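All of the numbers you see were taken from the coordinates with simple rules; none came from a lab. Fair warning: this is a prediction, and the values are worked out from it, not measured in the lab. Cβ atoms come from the backbone with ideal geometry, glycine included; neighbour counts cover every protein chain shown.
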Amino acid sequence: MNKITISIIYFLLLIISCNNKTQNNNVENNSIIEQEKNTNINEPNKKMYVNASSGLRVRINPSTEDEMIGLLDNYTEVNILMEENNFVEINNVVGKWVYINTPIEGWIFNGFLSEEIQIDPNVIVGLWQILNYRTDYGNYFYFGMDNAFRYGLTETSMVFEGRWSLVKNVITITNLKYIGYSDEKEDEMAPFIILLNIIDNNNIELTDSNWLGYNILRRRDNIYF
């Protein structure tokens with residue numbers, strides 16, 4: 001075999017090798033492109049809140065068929081890192097799978113998220129004991145279905161009555177008056193607000209107030225606690 005023939009064979013083998021590498025690169029690139037089509041890194045570190053009364057499942061992959069690795073309580077704040085491009089329907093709700101890194105890492109369905117806390121007023125209705133308060137008396141709040149509000153101490157005659165309303169996670173108390181033994185009319189107090197963080201159906205954290213110094217509300221059946 002002469003040198004010319006050897007050179008031609010070597011050149012052909014080189015071309016075949018290059019073609020194989022190109023095909024492999026194309027396969028890898030197509031795989032990456034397909035993955036990028038499905039997952040879109042947009043609005044990183046976007047904060048939203050769980051809006052599902054029974055909680056929201058966290059999964060290891062973006063599918064209801066994949067393993068559940070956690071359950072987020074209603075109103076939990078989450079931090080979104082990325083989302084799928086494709087819309088899906090779960091329990092008659094349309095949305096996308098999103099990947100979160102707080103309070104747990106995993107995939108959740110954003111059809112049950114909201115950009116702001118939306119508290120159901122029915123969660124607030126009822127009698128609540130005020131814990132971590134500065135006195136030894138049994139302090140309580142009462143939120144009525146008719147928006148009547150009462151604040152009192154179980155071992156004294158001190159009672160305040162007014163009206164309450166809820167917007168997002170903020171309760172506003174208005175028309176507040178002192179009710180006691182005296183027949184004298186009391187002037188209305190200035191409205192005040194209560195910022196809420198729902199822990200569960202029986203416990204509410206009060207994150208801020210411009211009137212009282214308390215921390216936790218606990219649901220009660222009566223004022224004798």
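A few comments on the model shown:
- Each residue of segment 101-107 was assigned a 3J(HN,Hα) from its phi angle through the Karplus curve 6.51 cos²θ - 1.76 cosθ + 1.60 (θ = phi - 60°); the sequence is 10, 9, x, 8, 8, x, 9 Hz, with glycine and proline shown as x.
- Summing charges over neighbours of F143, with a neighbour being any other residue whose Cβ is under 13 Å away from its Cβ, gives +1 when K and R count +1 and D and E count -1.
- Under 5 Å, built H, 5+ apart or other chain: amide partners of I216: L131, L206
- For N51, the residues whose modelled amide H falls within less than 5 Å of its own, excluding neighbours fewer than 5 places apart on the same chain, are Y75, L113, S114.
- Taking amide H atoms as placed 1.01 Å from N in the peptide plane, the amide H of K168 lies under 5 Å from those of I119, each 5 or more residues away in sequence or on another chain.
- Here R163 and K47 are evaluated by their C-beta separation; at R0 = 30 Å the FRET efficiency comes out at 0.40.
- Distance (nanometres) between label positions extended 7 Å along Cα→Cβ at N202 and Q118: 2.8 nm
- At most 12 other Cβ within 10 Å, DSSP loop - chymotrypsin sites (Phe, Trp or Tyr not before Pro), segment 43-134: F87
- Whether segment 57-119 is rounded, prolate or oblate, judged on the alpha carbon gyration tensor where a/c under 1.5 counts as rounded: rounded
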